[in-house]
Structures are given as structure tokens and as C-alpha cells.
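Derivation of every value follows stated rules applied to the coordinates shown; laboratory data play no part. Since this is a predicted model, take the numbers as computed values, not measurements. Note: ideal-geometry Cβ built from the backbone for every residue, glycine included; neighbour counts use all protein chains shown.
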Amino acid sequence: MAQKRFKYRLQQVLELKIQAEDDEKDKLAKLLQQQEHERQVKAALEQKLVDLHSELKRRQANGTLDINALRAFPQHIDFVKGQIVNQDLRLKEVAIRIAQQRENLLKAAQERQSYEKNKEKCQERWKEEMEHEEATLIDELATIKFARTASAK
């Protein structure tokens, strides 16, 4: 007798849950990349601010600072400081979105795990049923064989 194969009736749902979890992982990876990009932008702005301060000091030391530059440097420095503050806000926003995405990923992983556990339980029950059917078949064959040998005597 050919052995029946186990077929999980919710396999398509399980595959959808796996796909949903993978999608959530991809979203999280993109957010982490965005966070890294925003950090690099902030670092570049901070470096620009340092460069502006050193340029101002260099010009003051050399005596090459004219009245227009004397007015422009503080405004430019304040502008870059404002950009750094905006970048900090972007980083905080991305951090919040990452936290939310991690929660979404956790929920998706829990759903997938619950379906996988259900599949394992169903497979165990199926295996027990197959073993019970096999034992019943063996008992029937033994009974038939015993009846034949008893009637042949």
C-alpha cells in the first residue's frame, strides 16, 4: 500500500504569512538604510560647520575678512546649525518609524510561528492516524492469516 503524503490545508495561508514577514523585513532594512543615510548627512553638516568655523578663524587671523564676509559667516553658520537641527528631527522620525516597523515585524513573525506550530501539530496528528491505520491493517492481516491457518487444519 502506498503511503499517503501529509498535506497541510492551510499551507497557502502559511506561505502568505511567510511572505508578509519577508515584506516587513524588507521595509525594516530600507528604514535602517535611510537612518544610516540621515546619519551621514548629519555628519557632513557637522563637518561643514566645523569647516566654516575654521575658515572664519583663518580669515580673521590672516586679516582677509571683509565686512561682507563678516556679515555672511554668522548667517551661514546659523543656517547650517538649523540644518543640523532639522537633520536631528529627521533622525528622530526615522527612529520612531523603525520602532513601529520592528513591532510590525514582530507581529508578522508571531503569526507565522503560530501557523507553523499548527502545521506541526496537524502533521503529528496525521502521523498518529497513519500509524493507527497501519496497526489496524496489520491486525486485520494477522486475523485473516490466523483464520486461514485455523480453517486449513
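Using the Cα centre as the reference, give the magnitude of the dipole from point charges on the C-beta atoms of the chain (Lys, Arg: +1; Asp, Glu: -1; all else neutral), rounded to the nearest 20 debye. All intermediate terms of the calculation are to be shown ahead of the outcome.
Values: 30 positive and 27 negative charges, 25 e Å.
With Lys and Arg at +1 and Asp and Glu at -1, about 120 debye.
Taking the Cα centre of segment 1-65 as origin and charging only Cβ (+1 Lys, Arg; -1 Asp, Glu), how large is the dipole, in debye to the nearest 20?
Using Cβ point charges on Lys, Arg, Asp and Glu, segment 1-65 gives about 260 debye.
Past 18 Å, Cα to Cα, is the threshold; run K7/K127; K25/K117; K17/K127; K30/K117; K7/K121; K17/K107 against it and keep the listed order.
K25/K117; K17/K127; K30/K117
Please name which of A99, P74, L14 has its Cα lying farthest along the dipole of segment 11-115 towards the positive end, using unit charges on Cβ (Lys, Arg +1; Asp, Glu -1) and the Cα centre as origin.
Farthest along the dipole direction, towards plus: P74.
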